[in-house]
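Student: I'd like to ask some things about the structure below.
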Amino acid sequence: MNEIFVFSLHGLAYAGLLFLVSAGLTLVFGMMNVLNFAHAAMYMLGAYFSYTQVTTTGLFWPSVIFCPLLLFILGALVERFLLRRVHIHGHLHELLLTFGLAYIITELVKWIWGNYPLAVNITGFLSKSIHLFGIIYPVYRLFVIFCAIMVGVAMALILYKTRMGIVLRASVNDGEMVDALGINVPLVMMGVFAFGSALSGFAGVIAGPLLSTYPGMAHEILVDAFVVIVVGGFGSLGGAVAASLLIGELQSFGVLLFPKLSLALVYLLMAGVLIVKPSGLFGAKQ
């Protein structure tokens, strides 16, 4: 029973990290109808910025604030000067632009930080372990779960309980009418993209101490994040939560029960969901 409990917590921690990454991707696609292949590169930049900040100052907490802020600014610049110019031409141009941007960021990371894994060492309470229901478990993994819950609740409240959320959803459904009411729709969309980038940067900061920081981390998390939004449904925040939990637990227990098939289980789940419901678990029919 202790082993099952430990692997359940491992699955929840990875599910939390997956949600932090895929929530920004889901938000950008749901609000802007943009498939952003550079999203995972922003996540990687967040991890490397955090590594630099922690090794320079020895403090982890400032990176939780400043690194997402840097990614927010970078995301706003990308949307304003690059993505906005090609968005009118359709998904193909968006994919080519963001795919090329991801490659540029990856090569810059290798040039600046090197091509080898870097460990982000944290100190204080987060580096300790606690007794939890008869087991000793790292505090940091519980912190990842807590961050995912807080971000999910905050996003749900903003989108569905605030005036800002009403403006965002209205801009998606009928941008011309919202623009006629005096709201700057392009500025709203730039804010959405920038917030999605900041969220991916925050996920990178959280992932640094949990996983090693290396150039290939963007590609690995991007595959899982796209599986999350396909399984959960494009543009669905609730779907991202459900799919992250499913995939996190499936990967965790897959390693325990079916180690040789653990990598294939996620794609089998995606195939099964697409056969039964092509729009995803919570996706709207098109």
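The values are calculated or read from the model by the stated rules, or taken from the named source; none is laboratory data. Bear in mind that the values here come from a model prediction, so they are computed numbers and not experimental data. As a convention, Cβ positions derive from the backbone with ideal geometry for all residues, glycine included, and neighbour counts pool all protein chains shown.
Student: Being part of a helix (DSSP H, G or I) and crowded, with 20+ Cβ neighbours inside 10 Å narrows it down to one residue among Thr98, Thr52; which is it?
Tutor: Thr98
Student: From the set of residues in the stretch 58-72 that are of a type in the set (A, V, I, L, M) and under 19 Å from the mean Cα position of the chain (by Cα), which is nearest to His39 (Cα to Cα)?
Tutor: Only one residue fits best here, namely Leu71.
Student: Here's a follow-up. Looking at the stretch 79-127, which of its residues are among the acidic types (Asp, Glu) and modelled with pLDDT under 90?
Tutor: Of the residues in the stretch 79-127, the ones among the acidic types (Asp, Glu) are 79, 94, 107.
If the condition is that a residue be among the acidic types (Asp, Glu) and modelled with pLDDT under 90, then Glu94 is the only one that fits.
Student: Considering only the stretch 164-217, state which residues are in a helix (DSSP H, G or I), among the β-branched types (Val, Ile, Thr), farther than 20 Å from Leu83 by Cα and modelled with pLDDT under 90. Before you say what the answer is, go through the steps one by one.
Tutor: Taking the stretch 164-217 first, the residues in a helix (DSSP H, G or I) are 164-173, 175-180, 185-210, 217.
From what is left, the residues that are among the β-branched types (Val, Ile, Thr) are 166-167, 172, 178, 185, 188, 192, 205-206.
Imposing the further condition that a residue be farther than 20 Å from Leu83 by Cα reduces the set to 166-167, 178, 205-206.
If the condition is that a residue be in a helix (DSSP H, G or I), among the β-branched types (Val, Ile, Thr), farther than 20 Å from Leu83 by Cα and modelled with pLDDT under 90, then Ile166, Val167, Val178 are the ones that fit.
Student: Return the residue satisfying two criteria in turn: it lies in the stretch 254-267 and is out of contact with any helix residue (DSSP H, G or I) (no Cβ under 6 Å at 6 or more places or on another chain) and assigned to a helix (DSSP H, G or I), and of such residues it is modelled with the lowest pLDDT. Steps first, answer last, please.
Tutor: Here is the first cut: in the stretch 254-267, the ones out of contact with any helix residue (DSSP H, G or I) (no Cβ under 6 Å at 6 or more places or on another chain) are 257-261, 263-264, 267.
Retained after the next criterion (residues that are assigned to a helix (DSSP H, G or I)): 257, 263-264, 267.
On the way: Leu257: 77, Leu263: 74, Ala264: 81, Tyr267: 84.
Restricting to residues being out of contact with any helix residue (DSSP H, G or I) (no Cβ under 6 Å at 6 or more places or on another chain) and assigned to a helix (DSSP H, G or I), the top hit is Leu263.
Student: Within the stretch 254-267, track down each residue that is over 22 Å from the mean Cα position of the chain (by Cα) and among the hydrophobic types (A, V, I, L, M, F, W, C).
Tutor: Val255, Leu256, Leu257, Phe258, Leu261
Student: Looking for something free of Cβ contacts under 8 Å to residues at least 60 places away in the same chain, within 19 Å of the chain's Cα centre (by Cα) and not in a helix (DSSP H, G or I) - is there at least one such residue anywhere in the stretch 228-250?
Tutor: Checked against the condition, which is being free of Cβ contacts under 8 Å to residues at least 60 places away in the same chain, within 19 Å of the chain's Cα centre (by Cα) and not in a helix (DSSP H, G or I), the stretch 228-250 yields at least one hit.
Student: What are the residues in the stretch 190-206 that are surrounded by fewer than 24 Cβ atoms within 10 Å (Cβ to Cβ) and not aromatic (Phe, Trp, Tyr), if any?
Tutor: Going through the stretch 190-206, the residues surrounded by fewer than 24 Cβ atoms within 10 Å (Cβ to Cβ) turn out to be 190-192, 194-195, 198.
The answer is Met190, Gly191, Val192, Ala194, Ala198.
Student: Given Gly46, Gly75, which one is surrounded by 24 or more Cβ atoms within 10 Å (Cβ to Cβ), within 13 Å of the chain's Cα centre (by Cα) and in a helix (DSSP H, G or I)?
Tutor: On the way: Gly75 fails: within 13 Å of the chain's Cα centre (by Cα).
Gly46 is the lone residue from the list that is surrounded by 24 or more Cβ atoms within 10 Å (Cβ to Cβ), within 13 Å of the chain's Cα centre (by Cα) and in a helix (DSSP H, G or I).
Student: Would the stretch 234-241 turn up any residue that is surrounded by fewer than 16 Cβ atoms within 10 Å (Cβ to Cβ), under 27 Å from Ile65 (Cα atoms) and modelled with pLDDT under 90? Step through it out loud before you land on a result.
Tutor: Going residue by residue through the stretch 234-241, those that are surrounded by fewer than 16 Cβ atoms within 10 Å (Cβ to Cβ) are 238.
From what's left, under 27 Å from Ile65 (Cα atoms): 238.
Within this subset, residues satisfying the condition of being modelled with pLDDT under 90 are 238.
Within the stretch 234-241 (the criterion being surrounded by fewer than 16 Cβ atoms within 10 Å (Cβ to Cβ), under 27 Å from Ile65 (Cα atoms) and modelled with pLDDT under 90), the answer is yes, since at least one residue qualifies.
Student: Kindly indicate whether Tyr116 is outside any helix (DSSP H, G or I) and either touching a residue at least 12 places away in the same chain (Cβ under 8 Å) or among the hydroxyl-bearing types (Ser, Thr, Tyr) (or both). Lay out the reasoning, then the answer.
Tutor: Details: outside any helix (DSSP H, G or I): yes; either touching a residue at least 12 places away in the same chain (Cβ under 8 Å) or among the hydroxyl-bearing types (Ser, Thr, Tyr) (or both): yes.
Taking the combined requirement at face value, the residue satisfies it.
Student: Filter the stretch 127-149 for residues that are of a type outside the set (Ser, Thr, Tyr), surrounded by 15 or more Cβ atoms within 10 Å (Cβ to Cβ) and either in contact (Cβ under 8 Å) with a residue 12 or more places away in the chain or in a helix (DSSP H, G or I) (or both) and give the result. Talk me through it step by step, then tell me what you get.
Tutor: Residues of the stretch 127-149 of a type outside the set (Ser, Thr, Tyr): 128, 130-136, 138-139, 141-149.
Subset that is surrounded by 15 or more Cβ atoms within 10 Å (Cβ to Cβ): 138-139, 141-145, 147-148.
Across the stretch 127-149, the qualifying residues are Val139, Arg141, Leu142, Phe143, Val144, Ile145, Cys147, Ala148.
Student: Find the residue count for the stretch 159-189, including only residues that are more than 24 Å from Asn36 (Cα to Cα), surrounded by 14 or more Cβ atoms within 10 Å (Cβ to Cβ) and within 24 Å of the chain's Cα centre (by Cα).
Tutor: Residues that pass the stated criteria total 0.
Student: Is it the case that some residue within the stretch 101-110 is assigned to a helix (DSSP H, G or I), out of contact with any Leu (no Cβ under 9 Å at 6 or more places or on another chain) and surrounded by 16 or more Cβ atoms within 10 Å (Cβ to Cβ)?
Tutor: yes
Student: With the structure loaded, tell me whether Val153 is in contact with a helix residue (DSSP H, G or I) (Cβ under 7 Å, 6 or more places away or on another chain) and either in a helix (DSSP H, G or I) or in contact (Cβ under 8 Å) with a residue 24 or more places away in the chain (or both) or whether it fails that test. Explain how you work it out, then say what you get.
Tutor: Values: in contact with a helix residue (DSSP H, G or I) (Cβ under 7 Å, 6 or more places away or on another chain): no; either in a helix (DSSP H, G or I) or in contact (Cβ under 8 Å) with a residue 24 or more places away in the chain (or both): yes.
So Val153 does not fit the description; no.
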